[in-house]
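So the structure is just underneath, and the comments pick up after that.
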Amino acid sequence: MVQPGTARSKTGAARALLASTVDYLGMLAVLAVEIAVFSLLSDAFFTSRVLYSVANEVPDTVIVAVGMTFVLIIAGIDLSVGSVLGLSQAVLGYCLVRMGLPLPAALAACLLVGLACGALNGLVINAWMLPPFIVTLGMLEVARGAAFLVTDYRTFYLGKTVAGITGTIPGLGDLTWPVLICIVAVVVGQFVLSRTVFGRYMIAIGTNEEAVRLAGINPRPIKFIVFSLCGVLSGLAGLIRASRMSGADPNAGTGFELEVIAAVVIGGTSLMGGRGSVVKSFLGVLIVAVLGAGLVQCQAPEYAKRIIIGSVIVLAVILDLYRRRFAQGKTA
């Protein structure tokens with residue numbers, strides 16, 4: 001005889017699996033529709049040049065989206081990722097141009113700055129139990145100001161010093177090494193989230209932090225690690241972008257946090273915490289990137305691009321509401 005509790009548990013698991021499958025298929029369908037529509041609207045869209053361009057421009061967004069997914073899952077948010085990206089770039093340029101340090105030392109400094117900013121976010125949030133929104137908003141301004149201080153408002157031109165980082169992968173056409181790096185980040189991030197105790201703790205904290213605390217688990221170290229990871233990934237994204245642009249711009253990453261959050265939300269990660277997927281965030285980045293590239297190929301004005309992407313974000317949040325109700329077995 002099947003116990004009622006066991007039956008309900010199996011039904012809930014089946015609903016969650018079905019909802020997840022529908023999410024993946026739905027996002028892949030959206031990508032397919034985007035490609036089909038823009039291919040019809042522009043003869044130049046469905047070409048190897050455009051597709052390689054999209055693939056080579058998303059790695060920095062994908063890498064930060066991995067960290068942002070973790071942050072949102074624990075019911076936090078990080079508004080500082082764009083400014084931390086800019087500051088990391090600025091330090092990279094300063095180390096190479098002004099200090100004359102070798103490339104490995106400059107790369108280490110770039111990543112350490114990102115790590116330090118993320119760790120500081122985590123420390124302040126834990127020490128005073130402040131909302132992540134406020135703390136990271138403050139870091140957004142602090143890091144941007146520090147980037148201007150380090151560069152004296154100027155762009156450091158790096159030339160071929162860091163060009164090798166974005167070199168093409170042998171045998172894969174025009175795909176660059178950052179594409180491989182971002183794929184590795186997605187695979188590792190999804191494994192950590194779905195197959196490790198740390199991942200289960202993140203989901204539990206986002207679902208009910210007080211219950212986690214009462215269960216004898218200290219959420220503070222986990223939150224500190226998550227924000228530190230988001231910071232170092234922002235530093236890595238800054239390195240990749242500086243290599244692609246052959247320069248370190250103190251204004252780099254302005255508005256980048258909104259782009260990343262939009263992609264992660266479109267990927268189905270809940271702004272309320274407790275649920276998300278790194279792979280779906282990756283698909284969310286691709287949806288936004290293909291949408292942007294298609295609008296450019298169709299020569300759409302900038303205001304139209306912003307209106308369309310903003311509307312897509314709102315639609316994604318609405319769909320997330322119905323998705324959550326379906327997974328819980330409730331009616332809309």
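Read-outs: derived from the displayed coordinates by stated rules, not from any lab. Small disclaimer: the values here were computed from a predicted structure and weren't measured. Cβ placement follows ideal geometry from the backbone for every residue including glycine, while neighbour counts extend to all protein chains displayed.
Laid out as a table, the results:
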item	result
Expected-Rg normalisation [2.2 N^0.38 Å, Cα atoms] applied to the range 213-312	1.33
Length-normalised contact order of the range 16-327 in % [C-alpha pairs under 8 Å, at least 6 apart]	34 percent
The chain - mean residue ellipticity at 222 nm from DSSP helices (-39,500 (n - 2.57) per run, n ≥ 4, rounded to 500)	-25000 deg cm²/dmol
Cβ crowding within 10 Å averaged over residues, with 153-162, 223-232 ranked highest first	223-232, 153-162
Rounded if a/c under 1.5, otherwise prolate or oblate - the range 97-205, Cα gyration tensor axes	oblate
Relative compactness, the chain, computed as alpha-carbon Rg over 2.2 N^0.38 Å	1.04
For peptides 281-287, 248-254, sequence by mean Cβ density within 10 Å, most packed first	281-287, 248-254
Protection proxy ranking, peptides 139-147, 195-203, average beta carbon neighbours within 10 Å, highest first	139-147, 195-203
Against the rule of thumb 2.2 N^0.38 Å, how large the Cα Rg of the range 149-270 comes out	1.34
Eligible aspartates and glutamates near K305 by straight Cα distance, threshold 16 Å, same-chain separation 8 or greater	E34, E259
Kirkwood Rh in Å, taken over all unlike Cα pairs in the range 32-98	15.1 Å
C-alpha center-to-center spacing [the range 276-294, the range 45-63] in angstrom	11 Å
